[in-house]
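Below: one structure, written as structure tokens.
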Amino acid sequence: MKVAIIHDWLVVNGGAEKVLQEIIALYPTADIYTLVDFLPEDSRDWLKNNKVYTSFIQKLPFAKSKYRNYFPFFPIAVEQFDLSEYDLIISSSYCVAKGVITSPEQTHVCYCHSPARYAWDLQAQYLKESGMTRGVKSAVIRHFLHKFRIWDSRTANGVDLFIANSEFIKKRIYKCYRREAEVINPPVNLSQFQYCDDKQDFYLTASRLVPYKRIDLVVEAFTKMPEKKLKVIGDGPEMEKLKRLAQGHDNIELMGFQSNEVLIKTMQQAKAFVFAAEEDFGIIPVEAQACGTPVIAYGKGGSLETVAANVSGIHFETQTLSCLMNAINEFENQGTILDYAQVRKHAEKFSVESFKQNLSTVITRTQEANA
């Protein structure tokens, strides 16, 4: 059986790439197709045995840093891949990967991290954050997003089975495509995130520093609570903003990008992990729980599934300063009630082994149904 795996782009080792690694582990001889591949050499050991094919976007001017600017060409690019020699196609999709062209004799399974949020329900938020709510540029972008939605809906018909990474995304898939989906949560390498019950007196948040992650909200909350310490791990376009917010507040440490080893050690020692984003699933809160570290999470999206209230953490209802501060104070008041061992036990349901077994089962079943 020849297998092709389609992934939107290979640029950083994020949550979607962790899922991709485990899909490749299930199908180690699969060929990989992606719009662009600029993954650094020191981050691609898991790809060394696989042939990687890229689209014409790889060779366009400034593609390495500006590949997202070629968004209008993404649908055309993914449709140019010739997959006619493969029996099984697995798309790992959060943008256009699911839009590859397949035949009736082939089985196409899509692991959907999310329909493209900026083209569907979060379009208004995306335009606002990009400063493009009005003007000619806004009109052009809205036109392309409109065209993309039409293409995105049509190509959903080429998928034999949708797999959602959470119940939250299952609802979004149905809303966008009117397709039912199986739910298989992303894998977390529990052996890498070792349990630790020796906690220190600081909170942690970690993420790519982009607007929707709301790290600014977390930092601002701790500027109002100088007696509580916060460590922030990550880098990105929001760093300068966070530096301005944290200036003059010795209780806040912006650590920037750190190695995986430093991240895990800090995660193990933190008294709690603060997560203020509305995520489709959100792997990093599960990684924190695998370390035995409770999570204070925004109670919307995937966090409602990954963080068990009063078992592995607590939720706060709105992305506001007062609500987050109240949740942190509530955690301080009842934090000793949470059992670190139970926090770890809750994370174990998201193991790599469970992911592989569930994924293999549904793919085999789909292939048999298509035979």
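Listed residues Lys64, Lys48; which is free of Cβ contacts under 8 Å to residues at least 12 places away in the same chain and either of a type in the set (Lys, Arg) or buried (at least 18 other Cβ atoms within 10 Å of the Cβ) (or both)?
Residue meeting the stated conditions: Lys48.
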Residues of the range 100-142 classified as farther than 26 Å from Ser55 by Cα, small (Gly, Ala, Ser) and not in a helix (DSSP H, G or I), total: 3
Top-ranked residue of the range 147-187 - restricted to ones that are assigned to a loop (DSSP other than H, G, I, E, B) and among the hydrophobic types (A, V, I, L, M, F, W, C), ranked as surrounded by the most Cβ atoms within 10 Å (Cβ to Cβ): Val159
Selected residue [at pLDDT 95 or above, of a type outside the set (S, T, N, Q) and on the phi > 0 side of the Ramachandran plot] from Gly292, Gly236, Gly282, Gly301: Gly292
Candidates Thr318, Thr336, Thr361 - the one that is out of contact with any Ser or Thr (no Cβ under 9 Å at 6 or more places or on another chain), more than 30 Å from His108 (Cα to Cα), surrounded by fewer than 16 Cβ atoms within 10 Å (Cβ to Cβ) and modelled with pLDDT of 95 or more: Thr318
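Assess whether Gln342 counts as being closer than 30 Å to Gln106 by Cβ and surrounded by fewer than 22 Cβ atoms within 10 Å (Cβ to Cβ).
no
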Candidate set: the range 247-267, residues that are closer than 19 Å to Lys228 by Cβ and under 24 Å from the mean Cα position of the chain (by Cα); chosen: the one surrounded by the most Cβ atoms within 10 Å (Cβ to Cβ): Met267
Residue tally, condition over 17 Å from Leu217 (Cα atoms) and modelled with pLDDT of 95 or more, over the range 321-333: 0
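The values are calculated or read from the model by the stated rules, or taken from the named source; none is laboratory data. Note that the coordinates shown come from a computational prediction; the quantities given were computed from them, not determined experimentally. Glycine also receives a Cβ, built like all others from the backbone with ideal geometry; neighbour counts cover every protein chain displayed.
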